[in-house]
């Protein structure tokens, strides 16, 4: 377990002895390939979609919590990942506040035992700030971004754009700037099944839970689901003998719900969070993850939700698989770069069905697809083998011939 996970434990106080889509109102039009300078900044989000509640008065499945990752690369014949002498700052130009768009800050003391300043998340970070070097990349965790932009605070836009600026720490000179998607959505349709007169869907869930499991959740609102049901996403151990949140939810709905799909709970029919190259190739959630009952049964057989997930190597050859024992989002490849910086986040592998996902790659290489232009980082086309062992021929564009 790394130190950042322990920071969350400490802040949340959840372990004994520890404190632990709708169209945007702003037009983002891909511009022609930019002229790159001495440095290029490339960023990514660790997940194809972060989910959160819209309302927190009754229960909390997940809080506002998003992560931003970046590289500062000094371009050259031998590019270098730079961590010294540069500063990376972030902001959301069209989404400058979160408190009031959702009621998380009202109920955070009851749910997580902390009183947070408005627009500050569980790790102490806000909607603007500086990324820290974590030993392998620049990162900021727990950014409390919501899918509601300032100009239309009731219209969901799940594909939020963060702006990251790279500057010389001493002179303050801007070296490069990029924009990329930091996705988040509240499209969790509990209301499809949980609706009764004069009851909110969340209250109905607590009532049904009390009736079927002989609990008294309605007397302890708001309820953090992960306080009893362990969640590797939040890092909560849960109550011994109680199923994990993933096993409980998938298993229960597999046996009780009819006509339910992944998008009945995961974002969603409007959001369409599965949007990457696998989706474009015709794959569905079930092709990789299995059915509701299969997801639940795999956990009962020892799979750890969030930590043990489908692998690229299950379908692709060894030359296109993850590092041993690591997930795709944690794996590295060419030049020690995370796979996600070139290929995109899980469920959003480039190219995707969402135009915003392609903005960064359009800026640096003129194409909204995976990073295949060697000269984004290399000043000249290298002669040696590149990612996955492929070797450029005479020009960067020839990569497409080898990597379709």
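The values are calculated or read from the model by the stated rules, or taken from the named source; none is laboratory data. Given the structure is predicted, the values throughout are model-derived calculations rather than measurements. Neighbour counts are summed over all protein chains in view; Cβ atoms, including those assigned to glycine, are modelled from backbone coordinates with ideal geometry.
If the condition is being over 19 Å from the mean Cα position of the chain (by Cα) and part of a helix (DSSP H, G or I), then the stretch 275-284 contributes only 280. Taking the criterion of being outside any loop (DSSP other than H, G, I, E, B) and surrounded by 15 or more Cβ atoms within 10 Å (Cβ to Cβ), the residues of the stretch 331-340 that qualify are 332, 334, 335, 338, 339, 340. Checking each residue of the stretch 212-220 against the condition of being closer than 29 Å to residue 283 by Cβ, at pLDDT below 95, assigned to a helix (DSSP H, G or I) and more than 27 Å from the chain's Cα centre (by Cα) gives no match. Summed over the stretch 251-274, the residues that are closer than 15 Å to residue 47 by Cβ and either part of a helix (DSSP H, G or I) or touching a helix residue (DSSP H, G or I) at 6+ places or on another chain (Cβ under 7 Å) (or both) give a count of 1.
Yes/no matrix, rows are residues, columns are (1) at pLDDT 95 or above; (2) surrounded by 14 or more Cβ atoms within 10 Å (Cβ to Cβ); (3) over 20 Å from the mean Cα position of the chain (by Cα):
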{"residue": "4", "(1), (2), (3)": "no, yes, no"}
{"residue": "14", "(1), (2), (3)": "no, yes, yes"}
{"residue": "26", "(1), (2), (3)": "no, yes, yes"}
{"residue": "30", "(1), (2), (3)": "no, yes, yes"}
{"residue": "34", "(1), (2), (3)": "no, yes, yes"}
{"residue": "66", "(1), (2), (3)": "yes, yes, no"}
{"residue": "74", "(1), (2), (3)": "yes, yes, yes"}
{"residue": "100", "(1), (2), (3)": "yes, no, yes"}
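Residues that are touching a helix residue (DSSP H, G or I) at 6+ places or on another chain (Cβ under 6 Å), under 28 Å from residue 142 (Cβ atoms) and in a strand (DSSP E or B) occur in the stretch 171-179; there is at least one. Here residue 308 passes the criteria (1) at pLDDT 95 or above; (2) in a helix (DSSP H, G or I) except the one numbered (2). What about residue 353, is it in contact with a helix residue (DSSP H, G or I) (Cβ under 9 Å, 6 or more places away or on another chain) and surrounded by 20 or more Cβ atoms within 10 Å (Cβ to Cβ)? Criteria not met by residue 353.
Taking the stretch 285-305, which residues are loosely packed, with under 14 Cβ neighbours inside 10 Å, at pLDDT 95 or above and outside any helix (DSSP H, G or I)? Result: 301, 302, 304.
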